[in-house]
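Below: one structure, written as C-alpha cells.
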Protein chains: 2
Amino acid sequence: MRSKLPTIKDIAKELNVSVSTVSRALRGMPEINEETRKRIVKYSEEIDYQPNMVATSLVKRNSHLIGVLVPNMDYFFATAVKGIDEAAMEAGYTVVISQSNESYGREVANTQRLMNSQVEGLIVSLSRETQNVEHFKRVQRKQSPLVFFDRDFPGLEGSKVLLNNELGAETAVSHLIDQGCRRIAYLGGQANLAISNSREKGYTEALKKAGLEIKSEYIIHGEFEKESAYNNMLDLLQLAEPPDAIFAMGDRMALGAYKAIKEKGLRIPEDIAIVGFNDEPIMSMVSPSISSVAQPAFEMGKMAARLFIEQLNSQEGYKNRLETFVPHLMIRESSMKIK
Amino acid sequence: MRSKLPTIKDIAKELNVSVSTVSRALRGMPEINEETRKRIVKYSEEIDYQPNMVATSLVKRNSHLIGVLVPNMDYFFATAVKGIDEAAMEAGYTVVISQSNESYGREVANTQRLMNSQVEGLIVSLSRETQNVEHFKRVQRKQSPLVFFDRDFPGLEGSKVLLNNELGAETAVSHLIDQGCRRIAYLGGQANLAISNSREKGYTEALKKAGLEIKSEYIIHGEFEKESAYNNMLDLLQLAEPPDAIFAMGDRMALGAYKAIKEKGLRIPEDIAIVGFNDEPIMSMVSPSISSVAQPAFEMGKMAARLFIEQLNSQEGYKNRLETFVPHLMIRESSMKIK
DNA sequence: TTGTACGCGTTATCAT
DNA sequence: ATGATAACGCGTACAA
C-alpha cells in the first residue's frame with residue numbers, strides 16, 4: 001500500500017513557482033519574499049507536506065541515525081540507552097537500537113545490519129562472548145564514529161566510555177572492612193572477562209591496603225546467573241572458615257548468594273554482609289535491602305552520544321577519547337553492621 | 001570527517017563497464033555474464049564496497065525501517081521489543097526504538113521524530129498519560145502501517161496486539177479462591193486506565209462466579225509505584241476485616257503490598273496471599289516467591305511486527321486486525337496455601 | 001549480455 | 001527574489 005506523498009515538486013507546480021523557491025521557503029532561507037513564503041507554507045500545511053528525509057540524506061550525505069548495539073536490555077543498558085537517546089535527540093539524531101543477546105554471532109550480524117541501515121556510526125557495548133573485534137574494523141575503515149561503552153577488550157580501538165570498575169570494587173570492599181568484616185569473598189565471572197578482572201583487582205587492592213590476607217578459596221570465578229552464585233555460595237558456607245562478607249561482581253550473583261545465606265538460616269548482615277554491583281532496582285526492594293555499587297548509566301549514555309557526535313563533526317585526524325566514570329556505593333541494610 | 005565511499009560508479013569506471021552492469025551483477029540478476037560478474041564482485045570486495053541504502057531507499061521508496069515507540073524499557077517491553085526485533089530482522093527490517101517515558105508530550109514528539117526519520121510506519125504502546133490520540137492520525141493519513149500493542153484506548157484506530165487482561169485477572173483471582181481465600185482485595189490503577197479496568201472486571205467476574213460479595217473497600221485505585229501500593233496496603237490492614245488475599249494489577253504494586261504485609265509481621269501466604277501481574281524476574285527472586293500473571297511478551301512483539309509487515313505488503317483497503325493473547329498464571333509460594 | 005538515460009525528492013550552484 | 005539545472009547513488013525500462 002502507501003500512496004504517493006506530496007513533494008516539493010507538487011507544491012511548486014500548484015503554486016507556479018520553482019522547486020528551489022519552495023525548498024528555500026520551507027527551510028526559512030532569508031532571500032525569500034515574505035508573500036510567497038506565506039503562500040508556500042500555507043499550502044504545504046494544507047496538504048500536510050512532510051519532507052522526505054531520505055532524499056535530504058542522499059544530498060547531505062548523512063542520515064542522522066546513530067546505531068546502538070547493546071548486549072541486552074537490563075536496567076543498566078535500558079538507562080544508558082535513555083541517556084544516549086536524550087543526547088542524540090538534542091542534537092537532532094535518532095537512535096537505532098539492536099540487541100546482541102550476549103551472543104558474538106548476533107553482534108557481528110547486527111553490526112553489519114546496522115551499518116547497512118544508513119546509520120552514521122555505532123555506539124557499542126560488547127557481548128559477553130566477544131573475544132574478537134575484527135568486525136568493527138569495517139566500521140572504522142568507513143571512517144564512521146565508533147564509541148564503546150561499559151565493556152572493554154584488549155586491542156579494541158575507538159572512543160570509550162568506561163566505569164572505573166577497580167575503584168568501585170575497592171570502595172565496596174573497603175566499606176565491608178570498615179563494617180568489621182574480615183573474611184570477605186569475591187564472587188566473580190569467568191577469568192577472561194575484563195570487567196570481572198578489574199573488579200577482582202579492586203577487591204584485592206582493598207584487602208591489601210587493610211593488611212588482610214588474600215585467600216584463593218575466597219575468590220570464585222563463576223557464571224553470571226543467580227543459580228551459579230547460589231551454588232558457589234553454598235560451597236563457601238562449607239569451608240572451615242566461611243566468609244563473613246560477600247562482594248559480588250553483579251547483582252544477580254549477589255541475589256544468588258543472598259538466597260543461599262537466607263536458606264541456611266544465617267542473618268544478613270550480622271552473620272554475612274553482602275554488596276553487589278549495578279544497583280538494579282530489585283536491590284532496594286528486597287528485605288533486607290542489598291548494598292550495591294551504582295553506575296551512572298544515564299550519564300554514561302549521554303557521554304557516549306556526545307563523543308559520537310563530536311567525532312562526527314570533527315575534522316580529519318580525530319583522536320579517540322576515553323572517558324572514565326566514577327561509581328557510587330549505595331549502602332543498604334545488607335552491609336550495615338554498625339548502626 | 002567521513003571520507004567519500006566507493007560507489008558503483010567508481011567500480012564501473014575502474015572496470016570499464018556501465019553502472020547498470022555493476023548494479024545488476026552485485027544484486028545477482030540472472031542476465032549477467034559469469035565472467036564479468038566475478039570481476040565485479042571481486043573488485044567490489046577488494047575496495048570493500050558497501051551499497052548506499054539511502055539511495056536505494058529513495059529509488060525503492062522504502063527505508064526498511066520500523067519505528068517502535070514504547071513507554072519504558074521494563075522487563076515486559078524489553079522482551080516485547082526483542083520479539084519485534086526478531087520478526088523484523090527475519091523480514092529484512094531494522095527497528096528504531098524510542099521511549100516516551102510514560103509522558104504524553106514525549107509520545108507526540110517522538111511520533112513526529114520517528115516519522116521524519118524515514119520509518120515506514122509505527123508499532124506503538126501508548127504512554128500511561130495519553131488521553132488523546134490525534135497525533136496518530138497523521139501517520140494514518142500517510143497510509144503508513146500502525147500497530148498498537150499491550151495498551152488500548154477508546155477510539156484508537158489501527159491494528160492491535162492485546163492481552164486478554166480480563167481473563168488474566170479472573171484466572172488469578174479464581175486461583176486465590178481455590179486456595180481458600182475469601183476476602184480478596186484488588187490493588188488497581190487510576191480509574192480511567194483501560195488496563196486497570198479490564199483487570200478489575202476480571203476480578204469482579206471471578207468473585208461473582210464464586211458467589212462472593214464484592215466489597216468496595218477492597219477495591220483500591222492507586223498509583224503504579226511500589227510506595228503507593230505499600231501505603232494502600234497499610235490502610236487495608238486497618239480494616240475491621242482485613243483481606244486474606246491481594247490481587248495487584250502490576251508487580252510493582254504487588255511488591256509494595258508484600259513489603260507492608262511482611263513489616264506487619266503477617267505471613268505470606270498463610271495470613272495473606274498475593275498474586276501480581278507481569279511476571280517480572282524479581283517475582284521469582286524474592287522469598288517467598290510471588291505468583292504473577294505472565295504475558296507472552298516475546299510472542300506479542302513478534303505478532304506486532306508480523307501485522308506491521310503484513311500491512312506494509314498489503315494492497316489498498318487493508319482492514320485493521322486484532323490479535324488477542326492469553327496470559328498464563330505463574331503460581332509461586334505467595335499463593336500456595338494448599339500444598 | 002550490456003549500455004543509455006531517466007527518475008526517486010531534495011539541495012546547491014549559477015544565472016537571471 | 002526567483003528559476004533552471006546539476007548533483008547525491010542507485011534501479012530499471014528501453015535500446016542496442
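The values are calculated or read from the model by the stated rules, or taken from the named source; none is laboratory data. Fair warning: this is a prediction, and the values are worked out from it, not measured in the lab. Cβ: placed from backbone, ideal geometry, glycine included. Neighbour counts: every protein chain shown.
A few points about this structure:
- Segment A:212-305 holds helices (runs of 4 or more DSSP H) entirely within its bounds, and those carrying 2 or more residues that are without any contact (Cβ under 8 Å) to a residue 24 or more places away in the chain map to A:226-238, A:251-263.
- Among the residues of segment A:96-133, those identified as under 21 Å from B:M73 (Cβ atoms), assigned to a loop (DSSP other than H, G, I, E, B) and more than 17 Å from the chain's Cα centre (by Cα) are A:S117, A:V119.
- Test: A:E102 is surrounded by fewer than 21 Cβ atoms within 10 Å (Cβ to Cβ), farther than 23 Å from B:K4 by Cβ and more than 8 Å from chain B (Cβ to nearest Cβ): yes
- Of all residues making up segment B:59-78, the number that are crowded, with 18+ Cβ neighbours inside 10 Å, in a helix (DSSP H, G or I) and either among the charged types (D, E, K, R) or out of contact with any strand residue (DSSP E or B) (no Cβ under 8 Å at 6 or more places or on another chain) (or both): 1
- In summary, B:D48 fulfils each of the numbered conditions (1) over 30 Å from B:M283 (Cα atoms); (2) crowded, with 17+ Cβ neighbours inside 10 Å; (3) more than 16 Å from DNA strand C (Cβ to nearest atom) with the single exception of condition (2).
- Counted residues, segment B:108-128 - those being under 18 Å from B:A80 (Cα atoms) and of a type outside the set (V, I, T): 6
- All positions within segment B:148-168 that are aliphatic (A, V, I, L, M) and in contact with a Pro (Cβ under 9 Å, 6 or more places away or on another chain): B:L163, B:L167
- Out of B:E86, B:E45, one residue alone is more than 10 Å from chain A (Cβ to nearest Cβ) and not basic (K, R). It is B:E45.
- Listed by first and then second residue, the pairs with beta-carbon distance under 6 Å, at least 6 apart or on different chains, first residue in segment A:310-323 and facing chain B (nearest Cβ under 8 Å), second surrounded by 12 or more Cβ atoms within 10 Å (Cβ to Cβ) and modelled with pLDDT of 90 or more, are A:Q311/A:P145; A:L312/A:P145; A:Y318/A:Q311.
- Matching residues, segment B:39-58, being more than 11 Å from DNA strand D (Cβ to nearest atom), in a helix (DSSP H, G or I) and not aliphatic (A, V, I, L, M): B:R39, B:K42, B:Y43, B:E45, B:E46
- Residue list for segment A:7-33, restricted to those being more than 7 Å from DNA strand D (Cβ to nearest atom), away from every other protein chain (no Cβ under 14 Å), in a loop (DSSP other than H, G, I, E, B) and of a type in the set (S, T, N, Q): none
- Single condition A:Q112 does not satisfy, out of (1) at pLDDT 95 or above; (2) surrounded by fewer than 16 Cβ atoms within 10 Å (Cβ to Cβ): (1)
- The listed residue being at negative phi, in contact with a Lys or Arg (Cβ under 6 Å, 6 or more places away or on another chain) and within 14 Å of another protein chain (Cβ to nearest Cβ), out of A:G256, A:G276: A:G256
- Every listed requirement among (1) over 25 Å from A:L126 (Cα atoms); (2) touching a residue at least 24 places away in the same chain (Cβ under 8 Å); (3) within 16 Å of DNA strand D (Cβ to nearest atom) is met by A:H64 save one, (1).
- Checked against the criterion of being under 23 Å from B:Q131 (Cβ atoms), of a type in the set (A, V, I, L, M) and at pLDDT below 95, segment B:195-202 has at least one qualifying residue.
- Of the residues making up segment A:280-335, those that are acidic (D, E), within 25 Å of A:S159 (Cβ to Cβ) and at pLDDT 90 or above are A:E299, A:E310, A:E323.
- Residues of segment A:273-310 satisfying the condition of being in contact with a helix residue (DSSP H, G or I) (Cβ under 7 Å, 6 or more places away or on another chain) and of a type in the set (S, T, Y): A:S287, A:S289, A:S291, A:S292
- Just one of (1) in a helix (DSSP H, G or I); (2) within 13 Å of DNA strand D (Cβ to nearest atom); (3) free of Cβ contacts under 8 Å to residues at least 24 places away in the same chain fails for B:T36. It is (2).
- Residues in segment A:290-322 that are closer than 24 Å to A:T94 by Cα and of a type in the set (S, T, Y): A:S314, A:Y318.
- Out of B:L162, B:L187, B:L176, one residue alone is modelled with pLDDT of 95 or more and more than 18 Å from B:A273 (Cβ to Cβ). It is B:L162.
- Complete set of residues in segment A:306-328 that are in a strand (DSSP E or B) and surrounded by 19 or more Cβ atoms within 10 Å (Cβ to Cβ): A:F325
- For A:F136, the requirement of being assigned by TED's automatic domain parsing to the domain that holds A:P71 and assigned to a loop (DSSP other than H, G, I, E, B) is not met.
- Hey, B:I97 away from chain A (no Cβ under 12 Å) and crowded, with 24+ Cβ neighbours inside 10 Å or not: no
- Set B:E227, B:E270, B:E263: member being in contact with a helix residue (DSSP H, G or I) (Cβ under 8 Å, 6 or more places away or on another chain) and assigned by TED's automatic domain parsing to the domain that holds B:R183: B:E227
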